[in-house]
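The structure appears right after this line, and notes come after that.
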Amino acid sequence: MATSEAVPIPINPNNQWADLFVSELVACGLRAVCVAPGSRSTPLTLAFARHPAITLYLQLDERCAAFFALGLALATERPVALVCTSGTAAAEFHGAIIEAYQAHVPLLVLTADRPHEVRYSGANQTIDQVKMYGDHVLWSFDAPVPQANAPALVLRAWRTLACRAYALANGIVKGPVHLNFPFRQPLEPAAPPLPAMPVREQPLVTIEQGTLQPTPQQVEQLATLIDSHERGLIICGPSCPGGDFPVQVAQLAPRSGYPVVADPLSGVRFGPAVASGLVVGGYESYLQSSTPPWPAADVVLRFGAVPTSKWLNSYLTANPPAHMVHVQANGIWADDSHLVTQLLQIEPTELCRQLTARVRARGDSAWATQIATTEATCQQMVARYCREHSFDGAIVAAVMARLPAGARLMIGNSLPVRHLDQWGAPTPRPIQVFGNRGASGIDGVTSTALGIAAASAAPLVLITGDIAFYHDMNGLLAIQQHGLRNVTVVLLNNNGGGIFRRLPVAKFDPPFTSLFLTPHGLDFSHVAQLYGLAHHRVDSHATFQTIFTQSLIGKQATLIEVITDGEVDADHQQTLVQQIQAAIKEQ
C-alpha cells in the first residue's frame, strides 16, 4: 500500500503580502494602528494584530478611528497607521485626513479596496478610491493586487513602498500618506494556524533626513536687525517646535528685549519658558482697543502657524511691522495677511540659541517694560474677575489654574480655544496643550482627545462645547474599549452655538436663534450613562472647582457638564475686556 504524502497548505498571497508590508512598517518605526473593522481589510487587520511590536486600537466608527489616530500621532509625535475596509468607510476618514494635512500630523492611511476587474462594474461596496483624498495627502498610491510566486523585484518594490510611505509621512513636511490596497478573495488565510509573522530588525531601505542649520550670514543678518531696532516682538503661533525650543526662544526674549507673544497652542505659554518673565498671553483682551497699548513693532520674529487670536492678527494688520521674519523649518507658508518680509526655512531652536549668543544685551528697555506692565495689569484683573464671577471663561481659567504639572489638555474649537487664548494665563507649570487647528473643525474633537489620552497615563482634560461634543459622541466608546480612566471632559453647555453671538448675524433674530444658535435642549447625562462615565452637572464656579479637582485624582473617566448662559457669558467677556482696557489707559 502506497504511503500518502502530506499536501503543503497553500499560502494566501493576500496574507503573505500584508505580513510583509506590516513587518516593514514596524522596522521603519511604526508602533500603533487604529483599525475600523471590515471584511475587505482582513489581510491588513490580521497582519497588524499578529505583530508583537504593534499596539492595535479598534474603533467601530471610521470617523472616530481617524481622529483617534490623529490624537495618538499628535501625542507621540510619530506616524500612526489607520485601516478600513472599502467603500464609504474610506470616505469617513476624510475629515481627519484634512486636519492632519493642514496641521502636518503624520498618518499612514491604509484603505482596502476591490480588485481592478470589478471597479466601475456595479459591484457591491465599490467606489472610486484611487486618489480619493485629492490634494489633502502628501502622496497617494494604488498598490498592486497581491499575487502568488511574485518576482523578487515586485516583492522588493512592495517592501520599499512601506519604507517610502513611512518616511514621507514623517518627513520635513509631515502629514498623511494614502495607500490603497486592492485584495481579491479569499481574504482569510488558507487554513489555520496562521503562518509565522516575519519580524525584521531593519527595513529594506533606510530613509533619513538632516536638519536645516542657519548659516553664519543668516544669524549675523538677523542679529544686526534686532540690534538696530528696540521695538520688536517674538510671536509663537500654534505648532511651534517642541524639545528645547520653548526654553531657547524664552532666553532670546530678555537678551533682545523682545517679549514673546505666546499662543496657547505654541508650547511656550505653559511651561518653564514663562520663567523668563517676558512671555505674555493676555493680548486678546488689551489689543481689542482702537488705540493699542503700544505702537507698531519695527521687527516681528515669528514661529509656528498663524496665531489663533483675532485681535493679535488685527493689530499686526493695522500696524504692519517694517520687518516680519517667519522661521519655519518645513518651509510651509503661513501668513494669511501677507505681512511676512522674509521666510527662513531653517531649524528654529538652533537659530534662537545662536541669536541669544550673538545679539547685544538690551537690558530693561522702555518697550519691553511697557508690554510687561500691560500684561501684569491684565492678568491681575482677569484673576480677580474670574474669582468673583461665574461664566465660561472663568471655568477655562480655573482648569488652567488647577492642572498639575505634566497634564495634557485638548481644547475644542469655536469658543473653547478662544477662551483659552484670552483667559489662560502663562504659567511655568509644564502643560501640553493640543488642538485641531489645522482646519479648525468641530468634528472629531472628542476622538482626538481620547487618542491623546491613550498615548500615556498622564491626566488628559478635554474642554469642549456642547455642539462639538454632540458631533462626536460615538468616540466616547474608546474610553471603555481601551481602559482610558485618565480622562476628564469639561463640557461647556450653553445650549447652542455660542460662537455665533460674536458675529454680526446675531443682530438678526429671527432667524438667528433657529438657524445659527440652534438650541438643542439635550440632557448629556444619558450619554455619560451609555458610555460609562461619571457625570456631574454644575452651574457655579465654586462647585466646578471642587468636582474638577476630585476628577483629576479619581479612578473613573468623568464628564463635568457646566451649564452656562451664552448671552450672560458674552456680557461678562465684554465687561472684563472694557475694564482691562480702561485700567491700561490710566497707567
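The values are calculated or read from the model by the stated rules, or taken from the named source; none is laboratory data. Computed from a predicted model, the values in this text were never measured in an experiment. Cβ sites come from the backbone with ideal geometry, for glycine too, and all protein chains shown count toward neighbours. Ligands, DNA and RNA are stripped out before the accessible areas are found, and what is left, the full protein with its side chains, is counted by its heavy atoms. Shrake-Rupley method; radii C 1.70, N 1.55, O 1.52, S 1.80 Å.
Can you confirm whether segment 423-443 contains a residue that is in a helix (DSSP H, G or I), β-branched (Val, Ile, Thr) and either more than 18 Å from residue 524 (Cα to Cα) or out of contact with any His (no Cβ under 6 Å at 6 or more places or on another chain) (or both)? No. Are any of the residues in segment 554-565 touching a residue at least 40 places away in the same chain (Cβ under 8 Å), in a strand (DSSP E or B), out of contact with any helix residue (DSSP H, G or I) (no Cβ under 8 Å at 6 or more places or on another chain) and closer than 20 Å to residue 385 by Cα? Yes, there is a match, as at least one residue in segment 554-565 is touching a residue at least 40 places away in the same chain (Cβ under 8 Å), in a strand (DSSP E or B), out of contact with any helix residue (DSSP H, G or I) (no Cβ under 8 Å at 6 or more places or on another chain) and closer than 20 Å to residue 385 by Cα.
Just one of the numbered conditions (1) more than 30 Å from residue 218 (Cα to Cα); (2) touching a Ser or Thr at 6+ places or on another chain (Cβ under 6 Å) is not true of residue 391; which one? For residue 391, the failing item is (2).
Note on segment 555-587: residues that are surrounded by 15 or more Cβ atoms within 10 Å (Cβ to Cβ), modelled with pLDDT under 95, within 23 Å of residue 446 (Cα to Cα) and not β-branched (Val, Ile, Thr) total 2. Here residue 49 meets the list (1) in contact (Cβ under 8 Å) with a residue 24 or more places away in the chain; (2) open to solvent by 50 Å² or more (accessible area, probe 1.4 Å) almost entirely, failing just condition (1). Report yes if some residue within segment 328-335 is within 25 Å of the chain's Cα centre (by Cα), in a loop (DSSP other than H, G, I, E, B) and within 29 Å of residue 541 (Cα to Cα); otherwise report no. Scanning segment 328-335 turns up no residue that is within 25 Å of the chain's Cα centre (by Cα), in a loop (DSSP other than H, G, I, E, B) and within 29 Å of residue 541 (Cα to Cα).
Taken as a whole, the condition of being closer than 19 Å to residue 294 by Cα and of a type outside the set (Lys, Arg) applies to residue 315.
One residue alone among 531, 470 is of a type in the set (Ser, Thr, Tyr), open to solvent by 30 Å² or more (accessible area, probe 1.4 Å), farther than 26 Å from residue 574 by Cβ and in contact with a His (Cβ under 8 Å, 6 or more places away or on another chain), and that residue is 470. The set of residues in segment 16-47 being assigned to a helix (DSSP H, G or I) and charged (D, E, K, R) consists of 19, 24.
With respect to residue 341, determine if the residue is open to solvent by 10 Å² or more (accessible area, probe 1.4 Å) and touching a His at 6+ places or on another chain (Cβ under 6 Å). In short, yes. Look at (1) closer than 30 Å to residue 563 by Cα; (2) touching a Pro at 6+ places or on another chain (Cβ under 9 Å); (3) open to solvent by less than 10 Å² (accessible area, probe 1.4 Å) and you find that residue 348 fails only one, number (1).
Taking the criterion of being open to solvent by less than 60 Å² (accessible area, probe 1.4 Å) and out of contact with any strand residue (DSSP E or B) (no Cβ under 8 Å at 6 or more places or on another chain), the residues of segment 158-183 that qualify are 158, 159, 160, 162, 163, 167, 170, 171, 173. Take residue 526 and decide whether it is part of a helix (DSSP H, G or I), closer than 21 Å to residue 538 by Cβ and open to solvent by 10 Å² or more (accessible area, probe 1.4 Å). The answer is yes for residue 526.
Can you work out which of the residues in segment 52-67 that are touching a Phe, Trp or Tyr at 6+ places or on another chain (Cβ under 9 Å) and within 10 Å of residue 32 (Cβ to Cβ) is surrounded by the most Cβ atoms within 10 Å (Cβ to Cβ)? Ranking the candidates gives 57 first. Answer yes or no as to whether residue 507 is touching a residue at least 24 places away in the same chain (Cβ under 8 Å) and either under 23 Å from residue 65 (Cα atoms) or surrounded by fewer than 17 Cβ atoms within 10 Å (Cβ to Cβ) (or both). For residue 507, the condition - touching a residue at least 24 places away in the same chain (Cβ under 8 Å) and either under 23 Å from residue 65 (Cα atoms) or surrounded by fewer than 17 Cβ atoms within 10 Å (Cβ to Cβ) (or both) - is not met. Of the residues making up segment 476-483, none is surrounded by 21 or more Cβ atoms within 10 Å (Cβ to Cβ), closer than 21 Å to residue 421 by Cα and touching a residue at least 12 places away in the same chain (Cβ under 8 Å). Taking helices (runs of 4 or more DSSP H) as the structural unit, no element lying wholly within segment 199-304 holds at least 3 residues that are open to solvent by 10 Å² or more (accessible area, probe 1.4 Å), touching a Pro at 6+ places or on another chain (Cβ under 7 Å) and on the phi > 0 side of the Ramachandran plot. Would it be correct to say that residue 44 is in contact with a strand residue (DSSP E or B) (Cβ under 6 Å, 6 or more places away or on another chain) and in contact (Cβ under 8 Å) with a residue 40 or more places away in the chain? Yes; evaluated as a whole, the condition is true for this residue.
Yes or no, residue by residue, for (1) over 20 Å from the mean Cα position of the chain (by Cα); (2) open to solvent by less than 10 Å² (accessible area, probe 1.4 Å); (3) at pLDDT 95 or above:
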site	(1), (2), (3)
382	yes, yes, yes
396	no, yes, yes
399	no, yes, yes
407	no, yes, yes
417	no, yes, yes
423	yes, yes, yes
429	yes, no, yes
432	no, no, yes
440	no, no, no
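Just one of the listed residues (384, 362, 418) is in a loop (DSSP other than H, G, I, E, B) and among the basic types (Lys, Arg), namely 362.
Would you confirm, using the coordinates I've provided, whether residue 147 is open to solvent by less than 20 Å² (accessible area, probe 1.4 Å) and farther than 26 Å from residue 473 by Cα? For residue 147, the condition - open to solvent by less than 20 Å² (accessible area, probe 1.4 Å) and farther than 26 Å from residue 473 by Cα - is not met.
Checking each residue of segment 92-111 against the condition of being at pLDDT below 95, β-branched (Val, Ile, Thr) and assigned to a helix (DSSP H, G or I) gives no match.
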